[in-house]
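Asker: Dropping the structure in here first, questions after.
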């Protein structure tokens, strides 16, 4: 096949390409759909810069002293505009006092650590227990190490269960050891009375 040179050759070439455009587009579409859902997820992960670590055991120390230990089955480190670390399949944290003994425990089904802000966002079945057995239940909680004395806070609904009392409210601030806390708006308070204090006939 002889293609003449000059403007007429370019015109003929464009005309031939236009005529075959549906075939070219179909071929491109067919090959682009070859990838499975897993392959697409992997490509997206690589584009975002996601590192995955399984069976995570992280120790936080300050001036050589253990402050917290975090355990999680999976951790994702995402290099985004604002880098973050995600714990999509639950996490557990033990907090230590000055002597190295555990003074509170935290559990949540999901956690997200914002590296630049040194803050952790926790959600879904969040629970914090102190050494006295006082327990905080909520669906959303922030843990901010820069807020000394009020490391835990939320503006959502909370429930605190003590040995003889249950307190419901909205909004709360608490120390990391959960020995001191403040509920901003108490909505309900129940006193548990031991059976021994009920009058008998």
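Asker: Select from region 73-92 the residues that are under 14 Å from residue 118 (Cα atoms) and assigned to a strand (DSSP E or B) and list them in ascending order. I'd like the intermediate steps shown before the answer.
Answerer: First pass over region 73-92, keeping only residues under 14 Å from residue 118 (Cα atoms): 82-86.
If the condition is that a residue be under 14 Å from residue 118 (Cα atoms) and assigned to a strand (DSSP E or B), then 84, 85, 86 are the ones that fit.
Asker: Does region 69-78 contain at least one residue that is surrounded by 15 or more Cβ atoms within 10 Å (Cβ to Cβ) and closer than 23 Å to residue 181 by Cα?
Answerer: Yes: one or more hits.
Yes/no per residue for (1) outside the structural domain of residue 191 (by TED's automatic domain parsing); (2) touching a strand residue (DSSP E or B) at 6+ places or on another chain (Cβ under 7 Å); (3) within 20 Å of residue 190 (Cα to Cα); (4) not in a strand (DSSP E or B):
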| position | (1), (2), (3), (4) |
| --- | --- |
| 137 | no, yes, yes, no |
| 141 | no, yes, no, no |
| 148 | no, no, no, yes |
| 153 | no, yes, no, no |
| 157 | no, yes, yes, no |
| 169 | no, yes, yes, no |
| 173 | no, yes, no, no |
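Asker: Within region 65-81, which residues are modelled with pLDDT under 85 and out of contact with any helix residue (DSSP H, G or I) (no Cβ under 7 Å at 6 or more places or on another chain)? Break it down into steps so the answer makes sense when it comes.
Answerer: Taking region 65-81 first, the residues modelled with pLDDT under 85 are 80-81.
The one that is modelled with pLDDT under 85 and out of contact with any helix residue (DSSP H, G or I) (no Cβ under 7 Å at 6 or more places or on another chain): 81.
Asker: Considering only residues that are in contact with a strand residue (DSSP E or B) (Cβ under 7 Å, 6 or more places away or on another chain) and assigned to a loop (DSSP other than H, G, I, E, B), which ones fall in region 119-135? Steps first, answer last, please.
Answerer: The initial filter retains those residues of region 119-135 that are in contact with a strand residue (DSSP E or B) (Cβ under 7 Å, 6 or more places away or on another chain), namely 119-131, 134-135.
Within region 119-135, 131, 134 meet the criteria.
The values are calculated or read from the model by the stated rules, or taken from the named source; none is laboratory data. As the structure is a prediction and not an experimental result, all values here were calculated from the model. Neighbour counts are summed over all protein chains in view; Cβ atoms, including those assigned to glycine, are modelled from backbone coordinates with ideal geometry.
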